[in-house]
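Report on the structure given below.
None of the figures in this text is laboratory data; all of them are computed from the coordinates on show. Being a predicted model, the structure only gives us computed values, none of them experimental. With ideal geometry, Cβ positions are generated from the backbone for all residues, glycine too; neighbour counts draw on all protein chains shown.
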Amino acid sequence: MAHFHQFFKVWRRSLASVSIGCVLIESAIVPAFAAAPRSPDETVNCDALVVGGGLAGAATAYEALLAGRTVCMTDITDWVGGQISSQGTSALDETTRQRALLYYSRGYNELRSRIERKYGKLNPGDCWVSVACYIPADANKILTEQLEDAAHRGGGELRWFPSTVIKELELSGDGKLINGAIAIQHQPQAGTPPLNTEPLSQTIEDAYRYENSSRLKKRILRFVPKNKAAKGADWYVVEATETGELIALADVPYKLGLDPRTHREPSSPTSGQDPYCVQGFTYTFAMERTQDPQPQPKPNFYDRYAPYYSYELPRLANFNLVFTYRRIWSPQTGEPESFGSFKWTAPTPGDISMQNWTWGNDYRPGTSQDNLIFSREQLGQTGQLSPSGWMGGLRADTLRRGEENALGYYYWLVAGTTDSQLGANVKKPEPNHRFLAGFDTPMGTAHGLSKYPYMREGRRIVGRPSFGYEDGFMVSEIDISRRDYNAEYYTKTLSPRMYRDLRVALAGLEATSAIVKDTPAGEIKRRSRSTIYPDAVGIAQYPIDFHPCMTQSPPELPGNKEREGVRIGQGSSFPAQIPLRAMIPQKIDNLLVVGKSIATSHTAAAAYRVHSFEWSSGAAAGTTIDFALDKGIFPYQLTATMPRPTRELRDLQQRLQWDGNPIAFPNTSIFNLDWSQW
């Protein structure tokens, strides 16, 4: 295992040796366009091309493999698992009752069981944020074995392409079908260090260029359908990336960032779309408790980021509490400790903690000068919507700053004496720790940071117009939130018309009566459940949880604050469903969307982003693909008669449930108003 100071040597070398494809001049970007493509080095045939190897992509592959399909799966990293592996957030975010009932997709339950078998218990880290905290490197191996076993059981074939990015899509003449996809796979040039030596910011733009570089050797791949279908699609392409790359590359309608305030999104702090205020991203890392104090070299960039770091709240100002929050390995049990209502066992030498803290290694840009995920306008300005111009759609310099912010946070934890939110005399040094860097450490990188940042939000499609959704389908705040909309904020902030529309939309079975009788808005009783969708194909439940963007640029600016009003919609949610319409983009008929890029609003996306949801959406996609290929129909045809389901849709839903992939929580009904137990 490399020591922390060794990382900085690697960091400095990488800065000197790897060229960056965009030159930043007073925040303007001068793109370095890709060279013209040569002929593909290999053509690969698939029934399904899954772009993104995170949990949603893996779940798609899992179900398609069990159905006997040939699945090609790509990822920019060399690990599968996304959140649980390459992004380092190996602590399952779950709700209490859903977990007690193990009411999850069958593949997610299998994943949990495999984790438990690996360690002899589900929580080898004895963390307190979850009942399952474990090593990210192990999660990659566990999930890889699960997919291999699924292929064996179902007679499918998995063609896994790590370190691979999609560069171009080949569309049919009418633009309705993806007929092929061009990808670039990279490996280190001979005589250069292994992959994952440099942090992502230093290699990402190189990875999207066709030509070889002094650092990376490239293979050009062309993915095409395995078979020609008599009707329907020949194959399906699945958008499972962390930021919604394919929907930007295909240029289908989508949204990014804050949505305008409407009666369906009443807690939004803005009257217009703000594509720059996206939830914060996090480079996670692992640190180990040691018996003796360790050298703690100060990063040369630390003073820039130090004004940001904080325990956040007085009740959280306890180092052991923060360390054990996401402790992923604990070989021996320490003494019981508590702080207020929090209880844990004291850290002991050899314990390893994964760090993911809002006022720590979260990086939260929120302006057009520093946003990570480029808006459609910015993609056009940088040439990324031009032929061969796609470069991943991210600002590499913001990735770099996120990496520095995370490294600075480690130094703050072990040596810092300031606290941006709580003032003086709160933070004490904790030198008995070491930063874990090296290929044999939990993150599997020479630099010690996760291979890819944990992404909470990306581009989100706007679904196709349907009954009640003339501008395009979308799951919104009021479809899932348990907020008290009688609160003064809503009665005073919303116009009378908007507030009445809100109350009518929440009336459930009483909506018609409220309209006919012209019931005053404040007297309309709200339903006590989420929206029930006739095209539900999966489930999700988690609180609406925000890590808001910061107001000024850069995020670490002294005295900077979270964007005002973003947390207004935060809070508990009802058990919810994943409608098939949320997974079907406009314009392209053989593209399905899973994970964080389904059609949700900014507020709803804050709940539809955790581990079990990602798996459920992927399970729905994998099953839908096999069903659609068998029937020779397109997924959009299954929802064409909404709100009345087609016979084929009912058949798909029945199959999902028979397979052990729930589409609704127990006792879901328009007549069931008792959701307090959830």
Problem set entry | For the chain, alpha-carbon Rg relative to the globular expectation (2.2 N^0.38 Å, N residues) | 0.93
Problem set entry | Mean separation of Cα contacts under 8 Å, 6 or more apart, over the residue count of the chain: relative contact order % | 20 percent
Exercise. Using unit Cβ charges (K, R positive; D, E negative) and no other charged atoms, how large, in debye to the nearest 20, is the dipole of region 400-495 about its Cα centre?
Worked result: 240 debye
Exercise. Where does the charge balance sit around Arg222 when Lys and Arg score +1, Asp and Glu -1, over other residues with C-beta under 15 Å from its C-beta?
Worked result: +1
Seminar exercise, completed: Amide H neighbours of Thr348 at under 5 Å, excluding residues fewer than 5 places away on the same chain, with H built from the backbone geometry, are none
Problem set entry | Segments 608-621, 628-641 sorted - mean Cβ within 10 Å per residue, highest first | 608-621, 628-641
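Return a whole-number percent for the relative contact order of region 548-678, with Cα pairs under 8 Å and 6 or more residues apart as the contact set.
On the way: 97 pairs, mean separation 26.8, N = 131.
Relative contact order of region 548-678: 20 percent.
How big is D, in µm² s⁻¹, for region 73-174 by Stokes-Einstein at 20 °C and 1.002 mPa s if Rh is the Kirkwood radius over C-alpha pairs?
Working: Rh = 15.3 Å.
In µm²/s, the coefficient rounds to 140.
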For this session: Anything over 23 Å Cα to Cα? Flag those among Lys427/Lys451; Lys231/Lys596; Lys451/Lys596; Lys167/Lys451; Lys231/Lys255; Lys121/Lys141, in the order listed.
Result: Lys427/Lys451; Lys231/Lys596; Lys231/Lys255
Exercise. For region 199-318, what does the alpha-carbon gyration tensor say about shape, rounded, prolate or oblate, given a ≥ b ≥ c as the root eigenvalues, a/c under 1.5 as rounded, and a/b over b/c as prolate?
Worked result: oblate
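With an 8 Å Cα cut-off and a minimum separation of 6 or more residues, compute the relative contact order for region 340-442 in percent. Kindly include the intermediate steps, with their values, before the conclusion.
Values: 68 pairs, mean separation 19.9, N = 103.
The normalised contact order for region 340-442 reaches 19 percent.
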Problem set entry | Cross-link reach list, aspartates and glutamates versus Lys118, counting only Cα pairs under 19 Å and skipping chain neighbours closer than eight places | Glu110, Asp126, Asp138, Glu145, Glu148, Asp149, Asp351, Asp440
Problem set entry | Spatial separation of Cα centroids for region 375-401 and region 428-495, in angstrom | 21 Å
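Rounded, prolate or oblate: pick one for region 538-594, where a ≥ b ≥ c are the square roots of the eigenvalues of its C-alpha gyration tensor, a/c under 1.5 means rounded, and failing that, prolate if a/b is larger than b/c, else oblate.
Working: a/c = 4.15, a/b = 1.76, b/c = 2.36.
The shape class here is oblate.
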Exercise. Okay, helix-only estimate at 222 nm for the chain: each DSSP H run of n ≥ 4 adds -39500 (n - 2.57), divide by all residues, round to 500 deg cm²/dmol; what do you get?
Worked result: -7500 deg cm²/dmol
